[in-house]
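Heads up: the structure comes next, in structure tokens.
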Amino acid sequence: MGIEVEKIGYGFRWRFVLLGGLVMICLGTVYSWSVFRLHVERGFGVGATLSGLPYMTSLAFYAVMMLLSGRVLDRHSPRRLMVAGTVLVALGWLLSAYATGIWTLTLAYGVVIGTGVGITYGVPMVVVSRWFPEKKGLAIGLVLGGFGLSPVVTAPLASALIMEFGLARTFGILGVAYGILLPVLSLFFRHPTQEEVLGLPLPKASAGEVGEVEVADIVKTRQFRVLYWNFLTGAMIGLTFIGMTGHVGMDAMGLSSRQVDGLIPLFALSNGAGRPLFGWLADRYKARRVMRLSFALMALGSVLMLVAEPGRILLFALAFSLFWMNLGGWLAIAPSVTGRMFGARNYSRNYGIVFTAYGIGAILGVLASGMLVDLLHDLRPLFLLVLLLCASGIYRTRKHGRAKVLT
């Protein structure tokens, strides 16, 4: 009986990774904001700070709803939560088509889509983490890879739709498409049964675990504080540059809109690859080493941009591939390390708390970068700031690693 259960569990579980990746591709259209952003600025007559509001608000609500949905995920069917969340995502796109200004667009794109993404996003992660107890980092990374890879499909699609139909109708088309596809995909998600759990491989013990930790207690641990601040820093850097890709490419590097749009699939591939790559690394190596590697790579990207001259498209492509990849990396590091440090029993709620760092990082990064561009009309201070943030992240991780807080 045990062998039979194990075969059933193993055979079924990979379908949830595939389905989760497809859902994430649709949800990840939010990362194509750089395609919409310049059209929003021209259409609504706003600058870089205000044009970042819908994107920033969407990411912030996405993070807040991850926290709230994590509290109910263990008590409700994955299908119900996903259907509710995906309907909101589709509704947000449809309402965006009727936005009359930046504030109504922020409400539709930011609040409604962000809420829907936040409700939906955590469900495939929790489902696959239960189906893959022995390789959570890799399984979650593969699912989240769809979110990062989304712009490979959605950015060229959105760009072509805008050229053909305009911005408003493009929002509407995406709303209809997601309103049909996403609720249907949601119906296939479920947790393993008790029999199937018995047949799944057992996770290996990790030296970095502090055992099963209650939700109210994790914020009191030093492990949580280090993980939280590192995640906030990594997310802030990555989200800032994802939202500023078009501005940097055209304004600082002197590239054409076509050239920048042509690089978006490369950046999205980097983002998507970063999730399973860093998820695998987080499963295999000590958390502090993986975190330091990510900060070092983002620092390298900043150095490349500081020395790059206008027209150096290869340096721009390499630097921004590093930024996009490492944002994807942190979205695999954080859930994997959360589960390893604080246990599986309260994983969805614990990670919901950790994920608020992503929302705070989005607000700080998008606001600060937009204000710098509007006030200074110079991007060099932004890259210098990122160098300082990376240096502080490496120092913080190294310090706590020596104290055995991070292993």
In the set G328, G393, G359, G352, which member is surrounded by 20 or more Cβ atoms within 10 Å (Cβ to Cβ), closer than 24 Å to L266 by Cβ and either in contact (Cβ under 8 Å) with a residue 60 or more places away in the chain or polar (S, T, N, Q) (or both)? G328
Odd one out for A319 among (1) under 30 Å from Q259 (Cβ atoms); (2) surrounded by 17 or more Cβ atoms within 10 Å (Cβ to Cβ); (3) small (G, A, S); (4) touching a residue at least 24 places away in the same chain (Cβ under 8 Å): (4)
Go over the candidates V30, V40, V127 one by one and state the one that is among the β-branched types (V, I, T), more than 17 Å from the chain's Cα centre (by Cα) and farther than 30 Å from P201 by Cα. V40
Out of curiosity, is A99 within 20 Å of L38 (Cα to Cα) and either outside any helix (DSSP H, G or I) or more than 15 Å from the chain's Cα centre (by Cα) (or both)? yes
Cβ-Cβ distance below 8 Å, separation of 6 or more or different chains: which pairs start in the stretch 229-255 with a residue that is in contact (Cβ under 8 Å) with a residue 24 or more places away in the chain and end on one that is in a helix (DSSP H, G or I) and of a type in the set (D, E, K, R)? W229/R396; N230/R396; G243/R37; G246/R37; H247/R37
R15 versus (1) more than 21 Å from F241 (Cβ to Cβ); (2) at pLDDT 85 or above; (3) crowded, with 22+ Cβ neighbours inside 10 Å: which is the lone unmet condition? (3)
Filtered residues of the stretch 52-89 (kept if within 19 Å of the chain's Cα centre (by Cα), of a type in the set (A, V, I, L, M, F, W, C) and under 20 Å from G172 (Cβ atoms)): L88, V89
Kindly indicate which of L107, L91, L59 is assigned to a helix (DSSP H, G or I), more than 23 Å from I242 (Cβ to Cβ) and not polar (S, T, N, Q). L91
Return yes or no: is R340 more than 24 Å from G21 (Cβ to Cβ) and at pLDDT below 85? no
Within the stretch 314-323, identify whether any single residue is within 13 Å of G234 (Cα to Cα), modelled with pLDDT of 90 or more and hydrophobic (A, V, I, L, M, F, W, C), and answer yes or no. yes
Could you grab me the full set of residues in the stretch 256-283 that are surrounded by fewer than 18 Cβ atoms within 10 Å (Cβ to Cβ) and without any contact (Cβ under 8 Å) to a residue 60 or more places away in the chain? S256, R258, Q259, G262, L266
Against the definition (assigned to a helix (DSSP H, G or I), modelled with pLDDT under 85, within 23 Å of the chain's Cα centre (by Cα) and of a type in the set (A, V, I, L, M)), how does L181 come out, yes or no? no
Consider only pairs whose beta carbons are under 7 Å apart and that are at least six residues apart or on different chains; among these, list those whose first residue lies in the stretch 303-315 and is surrounded by 14 or more Cβ atoms within 10 Å (Cβ to Cβ) and whose second residue is hydroxyl-bearing (S, T, Y). none
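The values are calculated or read from the model by the stated rules, or taken from the named source; none is laboratory data. Since this is a predicted model, take the numbers as computed values, not measurements. Glycine gets a Cβ as well: all are built from the backbone with ideal geometry, and neighbour counts include every protein chain shown.
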